[in-house]
Each structure stands twice: as C-alpha cells, then as structure tokens.
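The values are calculated or read from the model by the stated rules, or taken from the named source; none is laboratory data. These numbers come from a predicted model, not from an experiment. We place every Cβ from the backbone using ideal geometry, glycine too, and count neighbours over all the protein chains shown. We work out accessible area using only protein heavy atoms, side chains counted, and drop any ligands, DNA or RNA first. Shrake-Rupley method; radii C 1.70, N 1.55, O 1.52, S 1.80 Å.
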Amino acid sequence: MYRYIDGMNRLGYTMLEFIDLQKVQDSFCRLTNCFMYALDGHGNKITEMSGNVQDVDCMLEAIGERAFESLYERMIDSPLEDQIVEDTNYGNVKIAALCIRHEGKPVICWLACCVLGEAEVFKYGRVFQGCTVTTTRRDFYRTLDLVRLMMSEVIHMGLSLEQERANSQKSTHSASALGASLKRSEALANVVRLLGSDQSFEELAMKALEILGTYLDVSGAQLLQVSADRTRVDLVHEWTYPGTDTFHICLKDQMRPAGYSENQPIVVSKETIVSPIIREFMSQQGLRSFISMPLFVKEKPAMYLSVTETRRDHIWSMDDVKFVSDVTRILQSLLERRIQKNSLTSSYMSLQAILDNVGTCIYVRDMSEGEVLFANKLMRHTFEHEMAEGTIDELLDRARPIGVREGYYEINHTARNRYYDMYYTHITWVNGKQVSLCALYDVTDKKIYQKKIEQQAYTDFLTGLYNRMCCERDLACQVDKAQLSGTKGGLLYLDLDDFKHINDGLGHQYGDVLLKSISNSLQRIDGICNSCYRMGGDEFVIIIPPESFERYDQIIAEINEIFSKPWFLKDTDYYCTMSMGACVFPDHGCDVQELIKKADIAMYQAKKSGKNRVCTFNGSEDDSKFGKRLDMEKSMRDASTNNCSEFEVYFQPIIDITKPGRPCMGAEALVRWNSTALGFIPPSDFIPLAEYLGLINPIGNHVMKKACEACKAWNDAGYVEYKVNVNLSVVQLLQNDIVETVERVLRETGIAPHNLTLEVTESLAINDMERMKNILSRIRSLGCRIALDDFGTGYSSLNHIRELPLDVIKVDQTFVNGIDVDEYAQSFIRMVTELGRAIDVNICVEGVETKEQLEILEKMKVQMIQGYHFDRPMQRAQFEQKYTPALQ
C-alpha cells in the first residue's frame, strides 16, 4: 500500500512496505463488526471502506460521506488530538477518527463507524435499522485502541530498522578511519626502521622515497641537493610511480626553482592560492599538486624533499603533510648521521631531535637485557608515570602475543581511559643488536566516536525514556528556571530493589517487560510525564519541574503507589519494590552533577535503611566533606582580602659548600598558612585551591614582597651576598602583568635585583617554550636571576636548557634519596654539574638530609646545597637569629 501514501517519510515506514493493508483491514472489520477506511496525511484514500457491500452503501447513504470528511479535517487541524468519537443523527450509530502521527505530522488516519446492538440504551435520536451487524460501545472503543497500538508498533519497528541502517554506515566510516591510521603507523615505522640500517645514505634515501610515494599514492618523490651558495640544485634521487614520467628537473646544476623556498615548506593543491611564480613553475613541470620541504644541516638548507602529482588533482590532507614532514625529519637525521658518522653520540642526539618532533610515540628496548635504548619526547610525556614506575614494558607486552616478531595491536589503557594503536617489530640497533621497536599512536578520539555511535544505536529503545545526557541537559534548564522565577524543583533518583532476582529467576526478557511497564507507569503520573529518565540498568531519574513542585508530595506518593501493587509477569503476579533518594533545587545546590550525586547518596541511604522507602538528602550529614572545602575557600578569601596577613613566609637556608665553613648564601622563601579559623593548613592542601580560585596571585605577590623586604634587611646589615629565592606558580607566570609586578616589588622594597632569584618548575618552563623564553628574558632584563626548579622530573631535553635564560639549576630531591647506592642518581648529578660549568649556570641540589649525601655531593663539586641536614624552613626571626646575628 506504500505506493498510495504521498510524501510519507521513508525513515519511519519501512515495515508498511510488506503489508497488504486492505486485506488486513477487511479481516479486522469482519472480526469486530465495524466499518472503516484509511486516508494518508494529505487526504488521499489508501483503502476502501471494509464491510458488507449492502451495509456499507446503506450506512454511507444514511450518515453521508461529508460527516466522515468533516471529522477527518478536524483531526488533521488539531495536533493535540489523536482520536475523536462522535454521535450521529442516529442514536445507535457512532463515527470515529483515529490518527497516527510521526514527529507531530499525521501519517495515516482511519475513519470508522459502528452500529450499536439492541442491548445498548438509546435515550436520544432515531434508531438506525438497516445494518446486518452490530457491536457494543465498549467493543468499539477497544477496536480503536487496538488499531492505534498495532500501527504505532509497526511504525516504531520501521524507525528502529532505519536507525540500525544509519548506525551501520557510521560504524563503517569509523572503521575506515582506524584502518587509515594503522596504514600510516606502518609506513612511518618502516621509515623509522631505516635509522637502524648500516646501508649508505643513498640507498636509505631511495627506500624512504619509495615508502613515501607508495603510501601517498603520488606520481613521484624527489630529493634535490642544494649548492653551497644555496642558489642552485641538483636532482640526486627520484622515485616515480610505475608508468609515470620522471621529474622534469633532471639536469645538473640548475637554478633553484620557485617551488623550493629557502627556509619554508610549500604545499600546493588545486585550490591553493599561491603566487603566480609558483603556479607558473607547476604549469611548466606539468604538476597538479606539489609539496616541497627543506632538510637542514647546521640550520641551513642542504637538500629538498618534494612530492609531485601529475596524474590528477590531489587535495593534501593534514595527515599527508604531517607524514611528509615526519619523513623529512628522518631523512635529515640520516643525512646528519652520514656527515657525523664517526660520532655515535651525535648520531643519537640527531635521532632524538628528529623523533622528538614526530607525532607518534617511539620506544626502543633491548630484549635480552630489558634496557630502554630510546624513548622520544612524546613517549616520555605520554607514559611518564609508567616509565617512572617501571610498568611500561608490562603494559606493552600485555598487548601482544608472546613470541611474535611483528604486528599491529591495540592497547586499552584503562587507568588513563585511553586507546593506542601499536606497531611492534624487531630492528637492528646502532650497536648491531636486535632490539624491539614500538610505534604507538593515540586513537582515543576515534574510539570514543565509535563507542558513541554504538551507544546511540541502542539508546534506550527498550523503555522509550530519555537517557542520561538528556537528563543532565534538562536538569540544567530546570535549575535555571527555578533560580530565575524564585521557585523550587525536585530531583528523584530511583533504583529497583533486587531487580537481579527477577532477571535471574524469570529471564531477562521478563526483566525487560518489567522495565517497560514501570516506565509507562511513571510517565502517566501528572506533572512528570515528560521528565522521566532511565540512567541505565534498573536506575531511573525523575525531575519535578518548578511548575509541578506543588505536587511534590503527591508525586512521591503516586510513585510509591505504583510499586505497592504486583506486576503481572509470566502469567502470575510479582512484587518489585524500589528505593528512592530525593533532593530539592536550589535548596541542595544548583550544579547538575552535585544534585544527581546528592540524590544518589540519598537513594543509597534508603537502601541502607532497609529498602522500599524514600530518603531525602541530609545536607548537614552527607555534605560534610563538601562543607569543609567551602570553609577553606571562605577562610582563604577572607585572608586574601585582609592583606594576606595569615600567610607567613618561612625561610630555608641555601648553603655554599665550596667555601670554607660552608657559609649560608641566602634562603628560599616558602609560604605557610596559619588560619585563624582553621588552624595550620599544609601547603599541599591550600596551594592547589588557591590556584583554582585565582587567589594565588595576591598570595604569591605578598610572599614575594615579604621575602624581598627580609633580604633587603639582611643586605643592609652587612650580608650583601645573601639572596632570596621565590617560587612563581603557573598561574602567576601566565599573568600578562607578571613582569610589571616583579618590577614594582623591586622598586617598593629597594632590594638589589640580582639578589632576587625567581624559581620556575621544569615542566612549566618546557610546556610553552617560546612564551616562557619571552617572559623569563624580560624578567631577567630587570636584573633578577632565574632558577629552574625540580630539574630532572620533567621531560625536557638538554637542548631546551640551553635556550632558557637561566642562572641556577635546582636538582630535584628525588635524585638525592639513595645517592650513596644509586649509580644513576650519581651519574645524573655529575652530568648536570658538568653541564652547569659548561654553560656558566650554578647548580643547587635540594633535599640533602644526611652527612653521607653531603660528602658525595662535595666530591662532585656541587656548589649549593639545600635540605634538612642544615635546617628546615623556619620563621624569619628564627632564621635571622641563626644566620644573621648582626641583626640581633
């Protein structure tokens, strides 16, 4: 019958394609003694009226077709009505209209009539006696309900089928994207493998060009050498797609073409807007798409890598350009290795510099000894904790079968909730050993997208209720509405008691029937019919909007009434109770997550109290931890507005162990909070909160000023070499006026700028190198000294240390613990000390607690020491009494 339905949405009516509606209608009318026919949403007749021909003719003549048409027009024009039953001129004749809608639009409409039997009482009107079949008023209404239920279910099944088709297509797209990612990882791993080969640069370059061209499916890839004056080029290596002409620039000693910039990459597709000179160059060479990238040696272009396409218009994707850039860096590493072939250290640093900038984690390990031979910067950053704890090998080995030499595997890092594609293979290392190479690529976003598609395919088709996402969105809207109108709303969190027993005892199909029945019952409660949600499993959330809050107690009573009656399952009655938690907004808060959490807490309190009951959130008891944080926040705000007087500055001495007597040369200023309301609070508790609240700026400025005032007093008393170190947090350092703030403190306190040392952590300094270089250089231009704190705990390379404007490197205390037996810690500190002498930077080691540690550091010629071996942080008066006796 679908050919008659003009304009029906294909999405919802797939199931109707397989139904002969006229036959179904005829059979149905014979069974129910009714007469009916169907129209579509535009008034076109889909079926003829069913029934005995003489009865139908007699009925239409007596009632008139206009009565049916009028009823249809009324139904179509009223979007709020789905069923209309009316009397006629005959007291025993009823006519009705029944409409099935989708997304508010009419899809199909049945017009029906019946003749009531003699048993019915007719008080008004004439009696129609020209029909051979009769029915009862009750059976007629049941007939209408059955038609509506049957056709709604048919359309719902069609919707589900079309949704499954759409989700299948999306999942196919996601799988394709994952396949492309695996292909890229394999190609990049093949190029990286060349780094471990002993072949000549020419042989390795040709292999790299072949891998590059094959992966990108282009016409050709070339390597051009640059002359000493950088004005001419020679084509030294070329790969071409089979059957494709060679690159036109094939002569020796040609002028450098316009397509090869001296210092910058050039990427040109068909739609790219470029200079006429480059477009003319491409036209002369017959190029339709083009990429060129320089290879640098000693910061000067030595070669150019180009990728050419002459067969078709090619739009370069970001992954394409990134892959070419990665291959360029690896070729550059191979070139530098050839230039410095006799230097193993230089080769390793070149390898590190290149692979530290590729977008894939690279990890190389000696399989026989378990030694980590190489991990690039992205690997060290991404798996910092695993490498520090020694669990990285277990994580990688768990993802692949034992004994496999090569393959692709997936890592589900549950602790991080991240997914990685791993390519595992064996390569020959620079020392000739067989080692394992792992290339890991983060595919979490694609996995999340894939999971989202899968979730949407089954999002609560069982109950028809809204899901958690809709719940959080709607709750936020209702909370805002309540705040704006000055009213209240309610949130109920409902969990079925012992639902598992029904699932296990009767089977999951009857558990599903129960969930559907409960959902339908909840939706029939006045005031919450559109605000019921299934959170998952046997948990439901009900939002009582502000306009229905006056029925708050009545709604809860009606919910209790629902669960006080048995449920008819598997031909018998079963009882299923519920435990429910309740909270009120905005009385119990306005944050969506906090409200859901509080209602959930109240629900579990109901379960603990014996189940089958309702508990309201008890703010004074359940929210004690939340209240403690609020108290700390309030006290911190009060202290910050009161000139930060509660925040005391403690000083820990810094000792110069290279001079006789090991004199004190200054101190590090450390903040402590002695709250009048809460007592002494550890820095680990209040500093993160201060940073979160944005109060670290006034607190940090207060500490800086007090520390400078103290140091100025020490200097004026004759301790002219004393310096003070002040820590800058990430929030302070990222303020636009941080340089002006330091300058103001210097001016107000009068301290000599070179006696103020500002400490920044290693991870902060390396995280945004360019910005930090600019800020620290401006601070240093004021005359202040810069110290790099916690060195060794971050992931910076030694190259970054040279770039930063530093005066002091402070080695983290973790390297001092066990230094008497830890050869790695000794080697690290010795290396940093030698580095400091080489770049004229002072070295300070933190955390020295024993005499043995001190003696080892003295032998390494470390200059400055800080730690409990000399003194703990102390108040200014105690510090001055011990280290500045002239002030006493």
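Remark on the stretch 424-565: hydrodynamic radius 18.6 angstrom, per the Kirkwood mean of 1/r across alpha carbon pairs.
In the chain, the calculated helix contribution to ellipticity at 222 nm averages -14000 deg cm²/dmol per residue, counting -39,500 (n - 2.57) for every DSSP H run with n ≥ 4.
To make sure I understand the rule: partners must be lysines, Cα under 18 Å from the Cα of residue 45, and not fewer than 8 residues away in the same chain. Which ones qualify? Those lysines meeting the cut-off are 23, 105.
Probe radius 1.4 Å, ligands and nucleic acids left out: which of 182, 465, 484, 670 has the largest accessible area, and how do the rest follow? Spell out each step's value before the answer.
Values: 182 55, 465 15, 484 160, 670 35 Å².
Correct descending sequence by accessible area is 484, 182, 670, 465.
Pairs of alpha carbons in the stretch 322-441 separated by more than 26 Å make up 21% of all such pairs.
Evaluated at 37 °C with a viscosity of 0.692 mPa s, what Stokes-Einstein diffusion coefficient in µm²/s does the chain have when Rh comes from the Kirkwood expression over alpha-carbon pairs?
Details: Rh = 35.8 Å.
For these conditions, the coefficient is 92 µm²/s.
Applying 1/(1 + (r/R0)^6) with R0 = 51 Å to the Cβ-Cβ distance of residue 740 and residue 426 gives a FRET efficiency near 0.35. You can think of it this way: the chain between residue 297 and residue 414 has 37.9 nm of extra reach, that is 0.36 nm per residue less the Cα-Cα gap. For the stretch 413-452 versus the stretch 708-750, the spacing of their alpha-carbon centroids is 47 Å. When Rg and Dmax are taken over the Cα atoms of the stretch 53-92, they come to 12.0, 36 Å.
Across the stretch 684-741, Cα-Cα pairs farther apart than 15 Å form 55% of the total. Of all lysines in the structure, the ones whose alpha carbon falls short of 30 Å from that of residue 447, not counting any fewer than 8 places away in one chain, are 170, 183, 322, 377, 597. Full extension of the chain between residue 312 and residue 271 gives 13.5 nm of extra length, using 0.36 nm per residue less the Cα-Cα distance.
Cross-link reach is defined here as a Cα-Cα straight distance under 30 Å, omitting same-chain residues fewer than 8 places apart; for residue 859 the lysines meeting it are 659, 723, 810, 851, 882.
Can you give the alpha-carbon Rg of the stretch 810-883 over 2.2 N^0.38 Å, where N counts its residues?
Values: Rg = 13.3 Å, N = 74, 2.2 N^0.38 = 11.3 Å.
In units of the 2.2 N^0.38 Å rule of thumb, it is 1.17.
Between residue 263 and residue 395, the distance separating the two model label sites (each 7 Å from Cα on the Cα→Cβ line) works out to 3.9 nm. The figure for residue 564 is an accessible area of roughly 60 square angstrom, using a 1.4 Å probe on the protein chains alone.
Take every Cα pair under 8 Å in the chain that's 6+ residues apart, average their separations, divide by the length, and report that relative contact order as a whole percent. Display every interim value, and only then the final one.
Values: 1407 pairs, mean separation 49.2, N = 888.
Averaging sequence separation for qualifying contacts and normalising by length gives 6 percent for the chain.
Using 0.36 nm per residue, how much length does the chain from residue 229 to residue 86 gain when fully extended, once their Cα-Cα distance is taken away?
Values: separation 143, 0.36 × 143 = 51.48 nm, distance 9.82 nm.
This chain segment gains 41.7 nm when fully extended.
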